[in-house]
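So the structure is just underneath, and the comments pick up after that.
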Amino acid sequence: MSRQGAPSSESGAMLRALELAALGRRTFPNPMVGAVVLKDGRIVGEGYHSCCGGPHAEVLALREAGGEARGGTLVVTLEPCCHTGRTGPCVAEIVAAGISKVVAAMEDPDPRVDGGGLRALREAGVEASCGMMGSEAARLNQAYLCYLETGRSLLVLKMAVTLDGRIAAPDGSSRWISGEASRAEVARMRASSQAVLVGANTVRLDNPALGLPTDPSGSGDTTPPVRIVVTRSGRLAPNSSVFDGSAPTVVAVPDGLPGSAEAVFEDNGAAVWHIPAGPGGLDLGALLRMTAAEGLGSVLCEGGASLATSLVREGLAARVAFFVASAILGGEGRASLDALGISSIGGALRLSEVRHTPLGPDVLVEGSVVYRSR
């Protein structure tokens, strides 16, 4: 809902711009961007980038502001672009609208921009600053930034663990380690991801549907994430819940898998992706480059210890989200991760930008993984 006419400071306008940017969940490989036009302390226009190829946030905000944009301030979550892609350069639109000042949260690391938008604005006589709430803007655009840096989708490793780091009892049972509040948060995480990744063993043991309740994000977007199952052997029961047709399903298989196995997946409505060989069976880095190429910017891994270990060992888990339950299983329980080759505390992987969120009796621990130089 537009807040046109509402009084606001520049910082208040940036908060609103971030709120707007978060609505653009389907923009990948473009960034999520929100923009607000201020005039005499009032919001006179706002907009957000909703889909790749659609109008940019700045253009929509300027359109809504109309003639009131002249002499106003544009507050935007990302440096305005200065190049022609699917749309024209926003800098030209800003200058033509008569904006006198631009406040950006962060520079755009896209090589086609990379500070050039701000320089072009200054050269045109527009006051331009950058850095207000930059960390919040960067957090919002983690998938975009990961893609620019690595060419891969952002991989978030989610696990539900006991206090002593176990993900299942000796008999393999794991429902439910975490509580209802944690499961509701997982649903929101799925809703904000473009794909959910599991291994074949998780499908065989737990038979998850990996679906969504009705609009858990509250955004109005009920598009389910793509379900991706990694299998080296091709042994998946055709009546598994991932083939229930409620969401698109992809089965990632190694090159050379017999065509008869592929036919079973395709007959059940799944797409088959061929992945080159790699450590542990499949090249998971290649898989994440493929997901990015298919427009799946963020991938939530809900697999077991084997898949999780491979992702961490290969430096592919950009972030982790561990739901730590108030429970203890002891040494008989199944560990969350297998050996990583770490021999001393100095070699432990650490997290940055750590957040702790209480969820009933559980605590969600999130952060970016800081990998040692290789």
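Since every read-out is calculated from the coordinates, none of them should be taken as a lab result. Nothing here was measured: the structure is a model prediction, and the numbers come from that model. Positions of Cβ are backbone-derived with ideal geometry, glycine not excepted, and every protein chain shown enters the neighbour counts.
Nearest 5 percent is fine: what portion of the DSSP beta bridges confined to the chain is antiparallel? Percent antiparallel among DSSP bridges in the chain is about 45. Calculated FRET efficiency, Arg355 to Cys51, Cβ-Cβ distance, R0 = 25 Å: about 0.30 to the nearest 0.05. The stretch 139-182: which trypsin sites (Lys or Arg not before Pro) are DSSP loop and have at most 11 other beta-carbon atoms within 10 angstrom? Those satisfying the criteria are Arg175. Rounded to the nearest 10 degrees, the angle from helix 180-191 to the longest Cα principal axis of the chain is 60 degrees. The loop-placed trypsin sites (Lys or Arg not before Pro) in the stretch 87-124, going by DSSP, that have at most 14 neighbouring Cβ atoms within 10 Å of their Cβ come out as Arg112.
Highest-first packing order for the peptide set 87-93, 38-44 is 87-93, 38-44, based on the mean count of other beta carbon atoms within 10 Å. Neighbours of Leu257 by Cβ distance under 14 Å: Lys/Arg scored +1, Asp/Glu scored -1, total -1.
Local charge for Val369 was computed over the other residues whose Cβ lies under 10 Å away, with Lys and Arg +1 and Asp and Glu -1, and equals +2. For Arg235, what charge total do you get from the other residues with a beta carbon under 13 Å from its beta carbon, if Lys and Arg give +1 and Asp and Glu give -1? Once all neighbours under 13 Å are counted, the net charge is +1.
This structure gives P(r) over Cα pairs in 10 Å bins from 0, in percent, computed directly, and of (i) 4, 12, 14, 16, 17, 14, 12, 9, 3, 0; (ii) 5, 25, 34, 25, 9, 1, 0; (iii) 5, 22, 28, 23, 14, 7, 1 that value is listed as (iii).
Over what distance in Å are the Cα centres of the stretch 123-138 and the stretch 140-170 separated? If we compute the Cα centre of each part, the gap is 30 Å.
For the stretch 10-140, the share of DSSP beta bridges that are antiparallel, to the nearest 5, is 55%.
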